[in-house]
1. In the stretch 303-317, how many residues are touching a Phe, Trp or Tyr at 6+ places or on another chain (Cβ under 6 Å), within 12 Å of F148 (Cα to Cα) and of a type in the set (F, W, Y)?
2. Would you please list the contacts, defined by Cβ atoms under 7 Å and residues six or more apart or on different chains, that run from a residue in the stretch 193-214 that is in contact (Cβ under 8 Å) with a residue 24 or more places away in the chain and among the hydroxyl-bearing types (S, T, Y) to a residue that is buried (at least 16 other Cβ atoms within 10 Å of the Cβ) and not in a strand (DSSP E or B)?
3. Mind checking which helices (runs of 4 or more DSSP H) fall wholly inside the stretch 116-230 and carry at least 2 residues that are over 20 Å from N243 (Cβ atoms)?
4. Take A112 and tell me if it is closer than 27 Å to D93 by Cβ, modelled with pLDDT of 95 or more and either over 18 Å from the mean Cα position of the chain (by Cα) or part of a loop (DSSP other than H, G, I, E, B) (or both).
5. Name the single residue, out of those in the stretch 260-302 being among the β-branched types (V, I, T) and within 23 Å of S146 (Cα to Cα), that is surrounded by the fewest Cβ atoms within 10 Å (Cβ to Cβ).
6. Taking the conditions exactly as written (surrounded by fewer than 19 Cβ atoms within 10 Å (Cβ to Cβ) and part of a strand (DSSP E or B)), does T70 satisfy them or not?
7. Cβ contacts < 6 Å: first residue β-branched (V, I, T), restricted to the stretch 279-302; second residue surrounded by 14 or more Cβ atoms within 10 Å (Cβ to Cβ), any location; separation 6+ or different chain. Result?
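The values are calculated or read from the model by the stated rules, or taken from the named source; none is laboratory data. The structure presented is a predicted model; accordingly, all values stated were derived computationally and were not measured. Glycine also receives a Cβ, built like all others from the backbone with ideal geometry; neighbour counts cover every protein chain displayed.
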Amino acid sequence: MKPAAVTELAPAVDVIVPALNAAGTLDACLDAILEQDYPGSINVTVAVGPGRDATWEIAASLAEADPRITVIANPTGRTPVGLNLATAVGVCDIVARVDAQSVLPPRYLRQAVATLRRTGAANVGGIQRPVGDDGLQRVIAVGMCSPFGAGPARFRSDGYEGPTDTVYLGVFRREALESVGGFDETLDRNQDFELNYRLRAAGEQVWLDPALMVTYRPRATFSQLASQYFQYGAWKRHVLRRNPRSLKPRQTVAPLLVIGLIISAVELLRGRARGYALPVAYAGSALLVARDSRPDLPRKSDRYLLMAVFATMHVSWGCGFLFGRLRRSAPASAQSASDSSASR
């Protein structure tokens, strides 16, 4: 255990990082944490799952080079288990959750701790900023930034500051986090939303600070994107069964779209032209949004790809919500640590 030095204005922070198959991103993630412009001490605990790459070796090497890093095993590979194990290792009054696929800006912890103290909130988080390389990943990143694509959740847009239902990542008061039992280990997805719901139900506040903008690396193929959003929908249904009052209107749109498309297909099979109404209206809306993305996607072919990205996200999420089956026994997928905070 590393010492947790505390000063009045800059309390020590425990940073918890679940990592699974994160060999390609963990180095940059930890560098960004350790290079924070924060005057207090930072202790990092990386909970590594039994993956298929060299994540453990990379984490162990980094820990050997910097005593602020502790590496522990997460035998299940599941994100909420890793988060709780890493939380239990620390002793600091403030706990910051960071994903292995994310890169914090230099003043992230300074800003988050200041906002936590100013507001008295249980959890302070910020904006998810998807960034992709050239090619399909970049198109997917643009789709995830669009309210049409990923929905109007406040943690995906900038400008608003104040109480909200959920945030990306999160910097917690340990006392509040532990008082509600930490992360729900039965959830592979949606554990952030569910935890924030329990915090709010306990009378605590979840606070969005748009100054906290964190880079996120999205999926890079259609098949990966479809699998990701299918799981989002399936786990969202599971969470809503347990906490029906947590339902938000935005979460009904994709399932209703899928139901509408099924009805449209039946109508078309019966030779009824009205079956074209919803598919045409949806395609037209996607086309208008894609055309508005010209500054981000100057190539016309990429804007057509964006329409396909929208459809993949919406139909996969809706099908997962309506028909998906949960597999709780298997380890989380390669990017589950990163994706879990994005599933709203």
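1. First, pick out the residues of the stretch 303-317 that are touching a Phe, Trp or Tyr at 6+ places or on another chain (Cβ under 6 Å): 312-313, 316-317.
Next cut, within 12 Å of F148 (Cα to Cα) only: 313.
Pick out the ones that are also of a type in the set (F, W, Y) and you get none.
Residues flagged as touching a Phe, Trp or Tyr at 6+ places or on another chain (Cβ under 6 Å), within 12 Å of F148 (Cα to Cα) and of a type in the set (F, W, Y) within the stretch 303-317 amount to 0.
2. Cβ pairs passing all conditions: Y197/S246.
3. Values: elements: 136-145, 147-150, 174-179, 191-201.
Fully inside the stretch 116-230 and qualifying: 136-145, 147-150, 174-179.
4. Working: closer than 27 Å to D93 by Cβ: yes; modelled with pLDDT of 95 or more: yes; either over 18 Å from the mean Cα position of the chain (by Cα) or part of a loop (DSSP other than H, G, I, E, B) (or both): no.
When the stated conditions are applied, A112 does not pass them.
5. Initial filter on the stretch 260-302 (among the β-branched types (V, I, T)): 262-263, 266, 280, 289.
This time we only want the ones that are within 23 Å of S146 (Cα to Cα), so: 280, 289.
Working: V280: 11, V289: 18.
Among those that are among the β-branched types (V, I, T) and within 23 Å of S146 (Cα to Cα), it is V280.
6. Numbers: surrounded by fewer than 19 Cβ atoms within 10 Å (Cβ to Cβ): yes; part of a strand (DSSP E or B): yes.
Taking the combined requirement at face value, the residue satisfies it.
7. Close Cβ pairs satisfying both conditions: V289/F148.
Per-residue answers, yes or no, for (1) more than 22 Å from Y216 (Cα to Cα); (2) surrounded by fewer than 24 Cβ atoms within 10 Å (Cβ to Cβ); (3) of a type outside the set (K, R):
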{"residue": "D37", "(1), (2), (3)": "no, yes, yes"}
{"residue": "A47", "(1), (2), (3)": "no, no, yes"}
{"residue": "G51", "(1), (2), (3)": "no, yes, yes"}
{"residue": "I58", "(1), (2), (3)": "no, yes, yes"}
{"residue": "L62", "(1), (2), (3)": "no, yes, yes"}
{"residue": "T76", "(1), (2), (3)": "yes, yes, yes"}
{"residue": "T79", "(1), (2), (3)": "no, no, yes"}
{"residue": "L83", "(1), (2), (3)": "no, no, yes"}
{"residue": "C92", "(1), (2), (3)": "yes, yes, yes"}
